[in-house]
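**Student:** The structure's right below; bear with me while I get my questions together.
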Amino acid sequence: MNNLLSREDALDKVGSQAALMGMFCKTETGVSHVMQVVMQYEDTDFSGFVYHANYLKFAERGRSNFLRLAGVEHSALLEMEPPLAFVVGRMEMDFVAPARIDDCLLVETVFTQFRGARLVAEQSITRVADTQPIWQAHILAACVDLQGRAKRMPKAMLADLTPYLGAPLL
């Protein structure tokens, strides 16, 4: 945790060694996860703009990679007794501007709370070239058993995640 890069240094490296998973970086207000996604033809709709539902996929990838890099893997959750999973219970989002094919986007994720079964995150997607905001969201997720009942996160999981708390982005 002590070897976190500045946000600027992390953004320089995201394009190379961490292109698939992204990486953590320190900000003035804590820790965030950054990850690049390049818009492909398959990401667009008939108008040439990125299809709105794809932003949810990019955000999910950002949250999952954040958790994975912090030591919490979805497959390991399913192997616990009882098996656990994360579900999104609420998401408020704003579509700020369109993205187009070949745009390189930055998905930034900050978890602002881990308590009981609850995880609270904020995410933003910006265009790397000009840092133009594209999409942003506030997410409330929960840890649940396979019957969908909320379950407290295991203490070991909370210990892995707590060092990566950050302040709200939005």
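The values are calculated or read from the model by the stated rules, or taken from the named source; none is laboratory data. Bear in mind that the values here come from a model prediction, so they are computed numbers and not experimental data. Glycine gets a Cβ as well: all are built from the backbone with ideal geometry, and neighbour counts include every protein chain shown.
**Student:** Quick one: how many residues across the stretch 10-45 are surrounded by 12 or more Cβ atoms within 10 Å (Cβ to Cβ), modelled with pLDDT of 75 or more and either assigned to a helix (DSSP H, G or I) or among the small types (G, A, S) (or both)?
**Tutor:** Of the residues in the stretch 10-45, 5 are surrounded by 12 or more Cβ atoms within 10 Å (Cβ to Cβ), modelled with pLDDT of 75 or more and either assigned to a helix (DSSP H, G or I) or among the small types (G, A, S) (or both).
**Student:** With (1) exposed (fewer than 13 other Cβ atoms within 10 Å of the Cβ); (2) outside any strand (DSSP E or B) as the list, and Q113 as the residue in question, which single condition is left unmet?
**Tutor:** Evaluating Q113 over (1) exposed (fewer than 13 other Cβ atoms within 10 Å of the Cβ); (2) outside any strand (DSSP E or B) leaves (2) as the failure.
**Student:** Take the conditions at pLDDT 95 or above, loosely packed, with under 15 Cβ neighbours inside 10 Å and closer than 20 Å to L161 by Cβ and apply them to R100. Does it pass?
**Tutor:** The answer is no for R100.
**Student:** Return the residues of the stretch 144-169 that are surrounded by 13 or more Cβ atoms within 10 Å (Cβ to Cβ), of a type in the set (A, V, I, L, M, F, W, C) and either touching a residue at least 60 places away in the same chain (Cβ under 8 Å) or part of a loop (DSSP other than H, G, I, E, B) (or both); say none if nothing qualifies.
**Tutor:** V144, M153, M157, L161, L165, A167, L169, listed by residue number.
**Student:** Quick one: would you say V128 is in contact with a helix residue (DSSP H, G or I) (Cβ under 9 Å, 6 or more places away or on another chain), in contact (Cβ under 8 Å) with a residue 24 or more places away in the chain, buried (at least 19 other Cβ atoms within 10 Å of the Cβ) and β-branched (V, I, T)?
**Tutor:** no
**Student:** Return yes when L67 is farther than 19 Å from V38 by Cβ, in contact (Cβ under 8 Å) with a residue 60 or more places away in the chain and either surrounded by fewer than 13 Cβ atoms within 10 Å (Cβ to Cβ) or over 14 Å from the mean Cα position of the chain (by Cα) (or both) and no when it is not.
**Tutor:** Considered against the rule, which asks whether it is farther than 19 Å from V38 by Cβ, in contact (Cβ under 8 Å) with a residue 60 or more places away in the chain and either surrounded by fewer than 13 Cβ atoms within 10 Å (Cβ to Cβ) or over 14 Å from the mean Cα position of the chain (by Cα) (or both), L67 comes out as no.
**Student:** If a residue has to be out of contact with any helix residue (DSSP H, G or I) (no Cβ under 9 Å at 6 or more places or on another chain) and under 30 Å from C104 (Cβ atoms) to count, how many in the stretch 131-147 make the cut?
**Tutor:** 6
**Student:** Just checking, does the stretch 88-110 include any residue being assigned to a strand (DSSP E or B), among the basic types (K, R), touching a strand residue (DSSP E or B) at 6+ places or on another chain (Cβ under 7 Å) and in contact (Cβ under 8 Å) with a residue 24 or more places away in the chain?
**Tutor:** There is at least one residue in the stretch 88-110 that is assigned to a strand (DSSP E or B), among the basic types (K, R), touching a strand residue (DSSP E or B) at 6+ places or on another chain (Cβ under 7 Å) and in contact (Cβ under 8 Å) with a residue 24 or more places away in the chain.
**Student:** Can you name the residue in the stretch 131-141 that is crowded, with 18+ Cβ neighbours inside 10 Å and in contact with a Leu (Cβ under 7 Å, 6 or more places away or on another chain) and, of all such residues, is farthest from G166 (Cα to Cα)?
**Tutor:** Only one residue tops the list, namely I134.
**Student:** Same structure, new question: Anything in the stretch 53-71 that is in contact with a strand residue (DSSP E or B) (Cβ under 9 Å, 6 or more places away or on another chain) and outside any helix (DSSP H, G or I)? List them, or say none.
**Tutor:** Across the stretch 53-71, the qualifying residue is only A70.
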